[in-house]
1. Scan region 491-515 for residues that are assigned to a loop (DSSP other than H, G, I, E, B) and either in contact with a strand residue (DSSP E or B) (Cβ under 7 Å, 6 or more places away or on another chain) or among the polar types (S, T, N, Q) (or both) and report the count.
2. Is it the case, given these coordinates, that Leu481 is more than 15 Å from the ligand (Cβ to nearest atom), within 23 Å of Arg354 (Cβ to Cβ) and not β-branched (Val, Ile, Thr)?
3. Of the residues Lys440, Lys436, which single one is basic (Lys, Arg) and either more than 12 Å from the ligand (Cβ to nearest atom) or in a loop (DSSP other than H, G, I, E, B) (or both)?
4. Cβ-Cβ distance below 7 Å, separation of 6 or more or different chains: which pairs start in region 1-19 with a residue that is under 21 Å from Tyr81 (Cα atoms) and end on one that is part of a loop (DSSP other than H, G, I, E, B) and among the aliphatic types (A, V, I, L, M)?
5. Looking at region 404-433, which of the residues that are under 22 Å from Ser183 (Cα atoms) and modelled with pLDDT under 95 is farthest from the ligand (Cβ to nearest atom)?
6. Among the residues of region 54-61, is there at least one that is in contact (Cβ under 8 Å) with a residue 60 or more places away in the chain and loosely packed, with under 14 Cβ neighbours inside 10 Å?
7. Answer yes if at least one residue in region 168-184 is out of contact with any Gly (no Cβ under 6 Å at 6 or more places or on another chain), within 16 Å of the ligand (Cβ to nearest atom), closer than 20 Å to Glu111 by Cβ and of a type in the set (A, V, I, L, M, F, W, C), and no otherwise.
8. Every residue in region 290-338 that is touching a Phe, Trp or Tyr at 6+ places or on another chain (Cβ under 6 Å), among the aliphatic types (A, V, I, L, M) and more than 16 Å from the ligand (Cβ to nearest atom), please.
Amino acid sequence: MQGLMMQQPLLVASLLVHADRHHGDQEIVSRRVEGDIHRYRYRDLAQRARRMANALAALGIEPGERVGTLAWNGYRHMELYFAVSGSGAVLHTLNPRLHVDQLAYIIEHAEDRVVFFDLTFLPLIESIASRVKSPKVFVAMTDREHMEQTCSGSSMLMCYEDLIDLQSDEFDWPLLDENSASSLCYTSGTTGNPKGVLYSHRSTLLHTYAAALPDSLNCSARDVILPVVPMFHVNAWGLPYIACMVGAKLVFPGPALDGQSLYELIETEQVTLSAGVPTVWQGLLSHVAERDGAFSSMRRTIIGGAPCPTAMTVQFQERYDVDVLHAWGMTELSPVGTVCSFKAHQCALSGNDRYAVQAKQGRSVFGIDMKIVDPQGDELAWDGKAAGDLLVRGQWVTRQYFRGDDVSPLRDGWFPTGDVAKIDADGFMQITDRSKDVIKSGGEWISSADIENVACLHPQVTMAVCIAARHPKWDERPLLLVVRQPGSMLTGGELLAFLDGKIAKWWKPDAVIFVESVPLGATGKVLKRQLREQYGNYYL
Ligand code: ADP
């Protein structure tokens with residue numbers, strides 16, 4: 001027997017319509033590429049998104065066609081999030097930190113009809129335009145005055161504000177099939193060509209519900225949310241959608257991601273919740289420590305994309321009274337998979353016991369099912385000890401890459417994450433490595449993540465990266481690369497002595513190399529492969 005409930009499709013535009021009707025006065029504040037601060041309300045966002053939807057129709061964009069964006073976090077990007085997906089086209093967010101060859105590849109592969117860009121990226125657009133055939137139109141996300149100061153005339157180049165100025169405020173969001181595509185994001189392609197993950201309206205809406213929950217990212221109408229994680233990287237972890245759903249104030253940092261600019265914004269806008277990768281927070285924490293500052297409103301920060309070092313959690317919580325919410329996800333998961341929110345019986349934990357839980361990537365949000373398996377595919381126990389390949393499935397997990405030649409990445413219906421993890425009896429998952437980064441010494445796995453985490457606890461360590469280096473006797477042994485605090489004279493011997501008793505004896509790296517910096521990829525993650533190429537023969 002069928003249920004007798006209404007059949008309202010889950011659509012991205014409905015988030016905007018909701019925010020307009022129920023939170024129309026709520027503010028959206030953006031630091032612009034032009035340098036100033038822009039502020040308006042959800043009501044204005046909705047009106048301009050409708051105009052943009054009309055403009056896209058006038059440009060001849062058909063349902064299902066891809067519209068690219070090369071832009072920072074800001075209100076115009078937010079307008080495109082809703083105008084493009086809401087009108088039935090596919091929002092394709094491009095990561096400007098990728099190499100120009102990769103960007104050209106992605107734009108061609110996706111066949112973007114139009115690319116919208118922030119003025120910062122004009123030089124990048126100029127070099128891309130000469131390499132690609134597909135987009136006929138590029139739109140500078142600015143007004144006529146700024147455009148004339150920056151761009152030379154070209155028939156392919158249009159101005160965002162001109163485009164919407166001409167359009168009507170009226171637009172009826174079409175009743176789309178909820179399974180139709182809404183947005184597209186390519187993985188950063190650290191191995192092989194980048195692969196496109198094509199989200200649907202339904203997957204995006206279900207992800208938004210689940211990610212907003214109290215034990216997930218915990219967002220509400222009383223929050224002021226600062227997404228530092230870029231809107232070009234997995235939809236800023238879904239925060240633009242979540243903010244509309246719950247009616248939170250949004251604060252967009254634009255291109256200014258340095259500690260000082262972020263701190264200013266956090267304080268002047270009274271941000272309560274921020275989100276970003278650990279490398280960004282390092283800059284913020286150093287800035288605040290230098291001026292002996294404090295956070296007057298920020299009480300929570302979501303950290304993910306790479307393991308959050310315990311030292312960072314300690315600093316946020318003990319020095320600044322900001323709770324760290326450690327989360328794990330992937331482009332292929334829209335991205336939220338697990339969040340480290342305490343269960344009731346863990347709330348009383350203190351000190352190292354508490355931090356040991358927070359070092360974990362957390363437990364599944366409803367909608368994501370996970371398991372760990374051995375090389376034969378047999379499921380491993382949730383005992384906090386056994387480590388194996390992490391597999392997931394759920395409503396917002398990809399089943400096939402965009403134009404992926406019908407080859408499914410799935411294994412018996414499960415998506416292999418490429419992460420190696422253990423899961424404890426409470427269901428808390430902890431990543432020990434990426435499978436391509438594991439260290440196998442004498443046939444046994446050593447967790448580079450654990451070693452890095454402990455090394456970072458040393459007060460003179462800014463960053464620690466542990467890689468597998470080839471070894472004549474043990475196949476591989478861990479090698480620790482360390483960025484010291486400025487002025488530090490810390491020696492390798494002292495650091496290794498510090499690790500004593502904190503990790504298993506045989507896990508202790510055989511050597512420490514001090515480096516000025518480590519190479520970071522397009523999403524702010526350490527490029528271990530590059531380090532292995534450079535230092536992989538160190539023990540030979
Ligand atoms: P990429 O395209 O670089 O793979 P993703 O954002 O999709 O970008 O990366 C997903 C991967 O990032 C995960 O598979 C995992 O290895 C890593 N990752 C994400 N969050 C965490 C976290 N909290 N701790 C450890 N690793 C993480």
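1. Total satisfying the criteria: 4.
2. no
3. Lys440
4. Hits for this filter: Pro9/Leu175; Pro9/Leu176; Leu11/Leu176.
5. Across region 404-433, the extreme among qualifying residues is Asp406.
6. yes
7. no
8. Residue satisfying the conditions is Val322 alone.
The values are calculated or read from the model by the stated rules, or taken from the named source; none is laboratory data. As the structure is a computational prediction, the values presented were derived from the model and not from experiment. So basically every Cβ, Gly included, is an ideal-geometry build from the backbone, and we count neighbours across all protein chains shown.
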